[in-house]
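Written out below as structure tokens is the structure these notes cover.
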Amino acid sequence: MKFLLLPSLPDEHASVRRQFAHLVDEAVLAEQLGFDAFGIGERHDGRVAASSPAVILANIAAHTSTIQLVTTVSTLGLHDPLRAFEDYSTLDHLAGGRLDLVIGKGGYAETLRVFGVTDDDKWDRLRESYEVFRALWNETEVSWEGRFRPPLVNVTALPRPARPNLRIWHGANTNLESADFAARHGDPVFTSIGTAAVGRYLETVQYYRERFASYGHDPEHALVGVGTGGFFAAATSQEAVRKFTPAFERRLAYNRRYEHGALDRLGAATLEDYLTKTSALVGSPQQVIDTLLAQHEKFQHDLVHIHVDTQAISPEDYRATLEIFATEIVPVIRKEIPNKPIDDWHAPPPVARVPVPVAADRA
């Protein structure tokens, strides 16, 4: 299994410059501790200084050398796919081929509003942008005509990528159409789980695997990533719960303010309920190991993300809990759940071929 570290929710009162510096510091620490990947999500609502993950990850690439850099997620449907190709192809060169994309529709109402996207067309925009983006990455002299951008006629997008193919994960929580789309193209799927009930997303993953095989892909090539609702490990479960409590209270306040009280609807308004009903990893090292293995029994996943709320704990506790994860938890999980041969970030993934309709054929 591989491990992806996500940055914590930022201090909304910190300067933008400080927020960016914090992200770089977290990524450098993740590499030092041996995490496989570090992710930056795309947000346009002002709550997080992360509207341009390609630029932030390029800065992180300059401060790191081995860790995989991941967009978690890139709202590809909001952007011109040719311009997105240019940004991410450039980033992949700067990062020495260390880029993975996780793409999604974007679920924040304000983001959709400012980009002129509606709930009715956001899925179609993502699907179209993905197909154009993938074609531009894998092919030269692309001709294409669609609904949301002007036609392309014999376009060779530049710079040509550092790698002949790019691993693109599809965010698919409870949307079976997204899972089917990922399966059709032979791509991995990522379900965030996060602060929701774990069982809600199992159907999506099972459906993805069924569709992956039905489209003729080797089932061994089906990669699945899952998220967690927070992490904190300490020498004892009592210490872990005590130090995680401020993070939970901050998470609960954020959820009620920005996410319409989803945790209340889940029945997780208390810490005990939260730890029981979500995918949070909180406890002693052995408790976290047991939880990770139990989750893998259900999802059979290949990648898991963790995050720690750095605003709720001291810098010393933040580093200490990540060190526990890296030294006491990860080695056990890696031994119990070895990586698939296909899950190799040092070699290109199987090429995903996308049929590209020529403009004349669509007339």
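Nothing in this text is a laboratory measurement; each read-out follows from the coordinates by a stated rule. Just so you know, these numbers come straight off a predicted model, no measurement behind them. Here the Cβ is made from the backbone with ideal geometry for all residues, glycine too, and neighbour counts use every protein chain on show.
Structure notes:
- Within the chain, longest stretch clear of exposed trypsin sites (Lys or Arg not before Pro) (DSSP loop, no more than 14 other Cβ within 10 Å): 148-352
- Of Asp344, Asp80, Asp100, the residue with the greatest mean-square motion in the GNM of the chain, using alpha carbon springs below 10 Å, is Asp344.
- Taking 7 Å steps out from each Cα toward its Cβ at Trp123 and Ser214 produces label points 1.5 nm apart.
- Stretched out straight at 0.36 nm per residue, the stretch from Ala197 to Ala262 would grow longer than its current Cα-Cα span by 22.4 nm.
- Estimated translational D of the stretch 175-339 in µm²/s (Stokes, Kirkwood radius over Cα pairs; 20 °C; 1.002 mPa s): 128
- Over the chain - Rg/Rh using Cα atoms and the Kirkwood inverse-distance radius: 0.95
- Paramagnetic reach from Thr276 in the stretch 174-203 [backbone N under 15 Å; point 7 Å along Cα→Cβ]: 197-198
- Angle between the chain longest axis and helix 315-324 axis [Cα atoms, degrees, rounded to 10]: 80
- Rounded to the nearest 10 degrees, the angle from helix 122-138 to the longest Cα principal axis of the chain is 70 degrees.
- Count of Lys pairs (Cα-Cα under 28 Å; at least 8 positions apart or interchain) in the chain: 14
- Which of Leu33, Thr236, Gly146, positive extreme of dipole for the chain (C-beta unit charges): Gly146
- Only Lys, Arg (+1) and Asp, Glu (-1) charged, at Cβ; the chain dipole about Cα centre in debye: 280
- Folded to 0 to 90 degrees: helix 202-214 orientation relative to the chain principal axis, Cα: 30
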